[in-house]
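The values are calculated or read from the model by the stated rules, or taken from the named source; none is laboratory data. For clarity, every value in this text was computed on a predicted model and none was experimentally measured. Neighbour counts are summed over all protein chains in view; Cβ atoms, including those assigned to glycine, are modelled from backbone coordinates with ideal geometry.
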Amino acid sequence: MKVKFIVRYSMRISTVLVLLFVFACAEKKVPEVWYCPMHTHYQVDHPGKCPICGMNLVKKEQSSRTHAADEHDAHGNAENKNTEHTITINSEIQSRLGIVTTKPITRKLSLKLNLAGEVAYEPDIYAAIIEYRQLLLAAKSLDASIGGGANLTQSALIRLEQLGLSKDEIHQYAHSQSAASRLITGSTGGKALITLRLTEADLAYIHKGIPVKITTSAYPGKIWNGKITAVGKLVDAKNRSISARALVKDNGKLAAQMAVTAELEIRAGHGVSIERSAIFDTGEKQIVFVKTAPTQFTPRIVRILGGNDDFALVSGLEAKDEVATSGTFLLDSEAKLKWGDTIGIPSTQERHNHGEKK
């Protein structure tokens, strides 16, 4: 009897101990993680200061999601995914880290470009124009006599296009001696021809008709006004540049090959704009951090439509949104700390394409 009692008593004690162990494991708290906002790789389990920069460590927010929520999200609930990608930073830390927010503004943007150039001196193009003009006359004679000569000027035309001339320029130089003469004299008939060098990136902004202001160190304070008359089609393989030409009013002061500077003011578009500092460019995506609550920020993918050095026109934002314009590096570090290098939220346009509600 004593043996049976001892066995039963021991089994009860063992059961109680097992239950206590299970409850202890269930009640076990997740260890705290403290990290440096500037050096996110430095993480410890207690508050303090970063040994690298001396900044106070910040406590990493622990996720309160349940296992059921995990399973629910595994079935593709997009709305939950959007709310999960939220960074929580209290107001005191926001102030300490210098996080500032502002609202986008609908505005017209302009971009100023300064380009180097020179007063035209293009003897090769001039010689090709003279040849083309002579072939045109010869072709007309052949057409009048034997009905041929239709293809006589084709090779000369191709040659001029290879030299970077547009069809409008070819037509103008072929039928106006005054215009053609500017290719070697620089200035005739009260106008001067300016040759500008563009980068391939400049081609997105520059086109025929844009106003241009020309200055030169030879005449300090003097400005020549005119317009872009043509943009070339031939890219220089050596320096990846392309030529553009402008015609400005001149009374004979500008001489051939004189170095000049051109200033162009270009309309960069109209729409919702945000400061460039608000946009964090990963190389593949452009991300802004939208303040959705006093202590919460949500990363959002936007698309840059244009802009200038200070502001960018974007899609994916509305004027009512409040966006972080400084401290974005710190917010991005926090995002990477929580979710890794990839922020897997869809853009506004992607959600619209899939028929999801904002």
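Taking the criterion of being of a type in the set (Val, Ile, Thr), within 17 Å of GLY306 (Cα to Cα) and at pLDDT 85 or above, would at least one residue in the range 258-272 satisfy it?
Yes, the range 258-272 contains a residue that is of a type in the set (Val, Ile, Thr), within 17 Å of GLY306 (Cα to Cα) and at pLDDT 85 or above.
Residue-by-condition table, conditions (1) of a type in the set (S, T, N, Q); (2) surrounded by fewer than 12 Cβ atoms within 10 Å (Cβ to Cβ):
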site	(1), (2)
THR229	yes, no
LEU247	no, no
ASN251	yes, yes
ALA262	no, no
SER277	yes, no
THR295	yes, no
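Among ASP168, ASP202, which is more than 30 Å from ASN308 (Cα to Cα) and in contact (Cβ under 8 Å) with a residue 24 or more places away in the chain?
So the residue among ASP168, ASP202 that is more than 30 Å from ASN308 (Cα to Cα) and in contact (Cβ under 8 Å) with a residue 24 or more places away in the chain is ASP168.
How many of the residues making up the range 236-278 are over 30 Å from LYS291 (Cα atoms) and in a strand (DSSP E or B)?
Number satisfying all stated conditions: 19.
Residues GLU92, GLU122, GLU118: which one is of a type outside the set (Phe, Trp, Tyr), exposed (fewer than 12 other Cβ atoms within 10 Å of the Cβ) and either within 30 Å of PHE329 (Cβ to Cβ) or modelled with pLDDT of 85 or more (or both)?
The unique qualifying residue is GLU92.
Would you please name the residue that is surrounded by the fewest Cβ atoms within 10 Å (Cβ to Cβ), looking only at residues in the range 44-63 that are at pLDDT below 80 and closer than 9 Å to VAL33 by Cα?
GLN62
When the residues of the range 200-212 are narrowed to those that are touching a Lys or Arg at 6+ places or on another chain (Cβ under 7 Å) and outside any loop (DSSP other than H, G, I, E, B), which ends up nearest to LEU165 (Cα to Cα)?
GLU200
How many residues are among the β-branched types (Val, Ile, Thr) and free of Cβ contacts under 8 Å to residues at least 24 places away in the same chain when one looks only at the range 232-255?
Summing the residues that are among the β-branched types (Val, Ile, Thr) and free of Cβ contacts under 8 Å to residues at least 24 places away in the same chain in the range 232-255 gives 0.
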